[in-house]
Amino acid sequence: MIAKPRYGNVVATDLPFEAAVARAKELLKAEGFGVLCEIDVSRTLKEKIGADFRPYVILGACNPTLAHEALCAESQLGLLLPCNVVVQQEASGVIVSAIDARVLLDVVGRPELSATAADVNARLSRVLEQIAA
C-alpha cells in the first residue's frame, strides 16, 4: 500500500521508470498541461553534492487556461505554480504522484479559486488513473 500524503495523490504503475516519465508527459499533454520544467533530482544531487539517489523526476506541469484564471484572481499565485507531478522509483516499484490543487490553493484563502482547483484535480486524477492502469 502506498502512503498518500495530505497534499497529493499517489498511484503505482507497472511501467519501468523511463516509460512512466514519458507516459506521464503524454497524459499531461492530453489533459491540456505542458511540462514547463523537468527536474532530474537524482542527477542533480549527484552533480551538486555527490549523493546517490533513486530515480526521481519532478515534472512542472501547467495548464495555461487554468493558470491564467488563477493568476487573474490572485496575482502572487505564481509562487505556488506550476503543478508538480513526481515519478520515482521505490523498492516496491515505480510510483507517480500529483499535487492536490485544492490543498495548494487553500493556502491562498480565496474561495473563488475552488472551481479552478477542482478542475486541476480532476485532470490530474485522470492522469494518475491512466498511468496506473
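The values are calculated or read from the model by the stated rules, or taken from the named source; none is laboratory data. None of these values were measured; they are calculated from a predicted model. In this analysis, Cβ positions are derived from the backbone assuming ideal geometry, glycine residues included, and neighbour counts consider all displayed protein chains.
Quick look at the values:
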{"quantity": "Every pair of residues 6+ apart whose Cβ atoms lie under 6 Å, when the first sits in region 21-38 and is touching a residue at least 60 places away in the same chain (Cβ under 8 Å) while the second is of a type in the set (G, A, S) and crowded, with 20+ Cβ neighbours inside 10 Å", "calculated": "L28/A61; F33/A61"}
{"quantity": "Residue match in region 51-62 (condition: over 23 Å from R23 (Cα atoms), modelled with pLDDT of 95 or more and exposed (fewer than 13 other Cβ atoms within 10 Å of the Cβ))", "calculated": "yes"}
{"quantity": "Qualifying residue in region 67-89 (condition: at pLDDT below 95, of a type in the set (D, E) and out of contact with any Lys or Arg (no Cβ under 7 Å at 6 or more places or on another chain))", "calculated": "yes"}
{"quantity": "Boolean, K29 is in a helix (DSSP H, G or I), more than 17 Å from V127 (Cβ to Cβ) and either touching an Asp or Glu at 6+ places or on another chain (Cβ under 7 Å) or basic (K, R) (or both)", "calculated": "no"}
